[in-house]
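The structure appears below as structure tokens.
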């Protein structure tokens with residue numbers, strides 16, 4: 001007969017390794033390629049040395065001349081706060097009791113719940129890699145005259161949303177909706193649906209209201225765009241003005257994409273950096289524009305097979321990866337060796353005082369298990385990263 005203790009053992013000894021393997025290699029080509037390390041963690045933060053330039057202690061003198069003056073490499077220390085990432089599954093007491101003599105059935109239920117959580121975690125981890133840590137998913141647009149349904153919301157861009165998400169809708173710092181479930185997403189028309197009963201019982205949505213991941217406002221991982229955010233005067237506490245070496249390369253194109261433009265920007269980063277670009281990431285739309293350029297110029301179309309089973313286009317032998325969460329008209333030229341996911345630990349089950357994973361929800365016939373990861377993303381060599389933005393649609 002299966003008990004809570006035996007299910008705990010299964011979750012800890014069998015499921016955890018499989019969960020970690022899928023979440024570390026199946027999220028995206030970028031996520032699979034970066035280092036995950038706990039070596040730099042100190043307390044609640046990670047302290048990451050960042051290179052701002054090369055050593056100054058090199059010189060050529062005469063045979064009897066003075067040796068060059070020693071000058072250490074330009075460096076600074078980044079203080080990176082670790083974000084709290086949680087994944088929760090619930091199992092009712094009724095389900096456990098109904099299947100306690102049928103191990104196969106209960107394992108099937110656990111498999112379904114764990115796999116659903118893994119897919120959700122992969123979606124959101126990848127999403128966080130391409131946001132600035134705010135938790136912002138979309139901004140509401142003014143309701144069109146033809147839309148009279150209070151539960152049908154029009155947004156500026158629906159790509160970061162998915163059916164099943166629990167979100168908060170805020171007007172400034174005020175909650176209009178808290179923990180509301182998204183029931184459907186129309187990606188073609190950028191329309192989101194929430195339960196009609198919820199919409200009818202609350203104030204109507206207004207233009208410019210913001211949709212955030214539930215309880216996540218300014219608490220998510222600082223993804224790649226955080227490094228390029230012009231509104232931030234510092235990168236993890238290091239001033240961009242005093243230390244220009246923490247500023248990446250940014251070029252605003254304001255025209256169509258071309259292979260010449262890509263090569264010029266690629267070369268610009270090479271001049272500024274001792275670490276060459278080894279991955280280019282753009283939106284799916286921008287990747288189509290790149291593919292169109294290859295066909296127009298009759299350039300051979302090369303494909304690369306990457307770790308994690310990903311297949312992608314290439315430029316100068318460098319993978320060009322299309323990501324749904326990257327903004328249209330943006331193309332990131334990155335050196336993934338310089339990025340680190342600093343973490344206190346890999347994914348772990350949150351355990352109770354007695355080491356149990358499953359715990360009863362207060363005053364409810366429900367047991368819950370929580371996965372946890374404390375982590376954040378940082379580049380230890382910002383000058384090796386670049387963003388080509390302002391790529392316009394072809395005329």
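State whether the residues of the range 371-387 include one that is more than 26 Å from residue 222 (Cα to Cα) and either surrounded by fewer than 21 Cβ atoms within 10 Å (Cβ to Cβ) or free of Cβ contacts under 8 Å to residues at least 40 places away in the same chain (or both).
The initial filter retains those residues of the range 371-387 that are more than 26 Å from residue 222 (Cα to Cα), namely none.
No.
Pick out the one residue from 32, 25 that is within 30 Å of residue 379 (Cα to Cα), surrounded by 12 or more Cβ atoms within 10 Å (Cβ to Cβ), in contact with a helix residue (DSSP H, G or I) (Cβ under 8 Å, 6 or more places away or on another chain) and modelled with pLDDT of 85 or more. Reasoning before the result, please.
Values: 25 fails: modelled with pLDDT of 85 or more.
Going through 32, 25 in turn, just one is within 30 Å of residue 379 (Cα to Cα), surrounded by 12 or more Cβ atoms within 10 Å (Cβ to Cβ), in contact with a helix residue (DSSP H, G or I) (Cβ under 8 Å, 6 or more places away or on another chain) and modelled with pLDDT of 85 or more: 32.
With the condition kept exactly as written, say whether any residue in the range 208-216 is buried (at least 19 other Cβ atoms within 10 Å of the Cβ), under 23 Å from residue 330 (Cβ atoms), out of contact with any strand residue (DSSP E or B) (no Cβ under 7 Å at 6 or more places or on another chain) and in contact (Cβ under 8 Å) with a residue 24 or more places away in the chain. Break it down stepwise before answering.
From the range 208-216, those buried (at least 19 other Cβ atoms within 10 Å of the Cβ) are 209-213, 216; that's our starting set.
Those left that are additionally under 23 Å from residue 330 (Cβ atoms): 210-213, 216.
Among the residues that remain, those that are also out of contact with any strand residue (DSSP E or B) (no Cβ under 7 Å at 6 or more places or on another chain) are: 216.
Those left that are additionally in contact (Cβ under 8 Å) with a residue 24 or more places away in the chain: 216.
Checked the range 208-216: at least one residue is buried (at least 19 other Cβ atoms within 10 Å of the Cβ), under 23 Å from residue 330 (Cβ atoms), out of contact with any strand residue (DSSP E or B) (no Cβ under 7 Å at 6 or more places or on another chain) and in contact (Cβ under 8 Å) with a residue 24 or more places away in the chain.
Considering only the range 138-153, state which residues are farther than 11 Å from residue 211 by Cα and either in contact with a strand residue (DSSP E or B) (Cβ under 7 Å, 6 or more places away or on another chain) or assigned to a strand (DSSP E or B) (or both). Full working, then the answer.
Here is the first cut: in the range 138-153, the ones farther than 11 Å from residue 211 by Cα are 141-152.
Answer for the range 138-153, where residues must be farther than 11 Å from residue 211 by Cα and either in contact with a strand residue (DSSP E or B) (Cβ under 7 Å, 6 or more places away or on another chain) or assigned to a strand (DSSP E or B) (or both): 141, 143, 144, 147, 151, 152.
Out of all the residues in the range 240-264, which are closer than 18 Å to residue 51 by Cα, assigned to a loop (DSSP other than H, G, I, E, B) and touching a strand residue (DSSP E or B) at 6+ places or on another chain (Cβ under 7 Å)? Write out each step before concluding.
First, the residues of the range 240-264 that are closer than 18 Å to residue 51 by Cα: 240-249.
From what is left, the residues that are assigned to a loop (DSSP other than H, G, I, E, B) are 240-243, 247-248.
Once the filter is applied, which keeps residues that are closer than 18 Å to residue 51 by Cα, assigned to a loop (DSSP other than H, G, I, E, B) and touching a strand residue (DSSP E or B) at 6+ places or on another chain (Cβ under 7 Å), the range 240-264 yields 240, 243, 248.
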* Asked: Would you pick out the residues in the range 265-286 that are part of a helix (DSSP H, G or I), under 9 Å from residue 331 (Cβ atoms) and free of Cβ contacts under 8 Å to residues at least 60 places away in the same chain?
  -> none
* **Verdict on residue 342 being at pLDDT 95 or above and under 26 Å from residue 221 (Cβ atoms)** => yes
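The values are calculated or read from the model by the stated rules, or taken from the named source; none is laboratory data. Because the structure is predicted, anything quoted here is derived from the model rather than measured. We place every Cβ from the backbone using ideal geometry, glycine too, and count neighbours over all the protein chains shown.
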